[in-house]
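Structure first, then comments.
The values are calculated or read from the model by the stated rules, or taken from the named source; none is laboratory data. Every value quoted in this text rests on a predicted model; they were computed, and no experiment measured them. Side chains included, ligands, DNA and RNA excluded: accessible areas come from the protein's heavy atoms. Shrake-Rupley method; radii C 1.70, N 1.55, O 1.52, S 1.80 Å.
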Amino acid sequence: MTGGTREGIDLTRVLEAPQQRVFAAWTSPEDFAAWYGGEADVPLDRVAMDVRPGGSWSLVIVMPGVEMPFHGVYREVSEPDGLVFTLKDGSAPEDAEGETVTVIFSDLGGGRTELAFQQRGGNLTPEQYAAAEDGWEAFFDALADRLATHP
């Protein structure tokens, strides 16, 4: 029986924005800070992005009484088609590679883009993956709002 086994997250969203704009929302510090973290605050001065294969990224989500740092390394950058990067939070061991996130942006025409998201790594429990999936869903709601208000 394999019930309860979960090794990652798979999400798909259709966004009302052109492919190049969606790519920019993932690679511009101003855009990324505006939606990553959902409704939580991500101060722009706490975001760093070197968007190239081997380049690093980091940010800090700030909520009352707590700061949540995230960081990783870009593995693949294919403008405007997608990104592959690693993702670690502040609790991850320094020598751990972290999770691998793959996002693919497909032009649907008419100014619409499909975002296909996958997170893998096996570093989280099934419960942690479920919580992370809820977090990404909230982040993607914030991303859709960002794209609507900053086309």
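Checked against the criterion of being over 15 Å from Leu11 (Cα atoms) and open to solvent by 60 Å² or more (accessible area, probe 1.4 Å), the candidates Pro64, Pro80, Pro69 yield just one match: Pro64. Taking segment 103-140 as the range and being open to solvent by 80 Å² or more (accessible area, probe 1.4 Å) and part of a helix (DSSP H, G or I) as the test, the residues that pass are Glu127, Gln128, Asp134.
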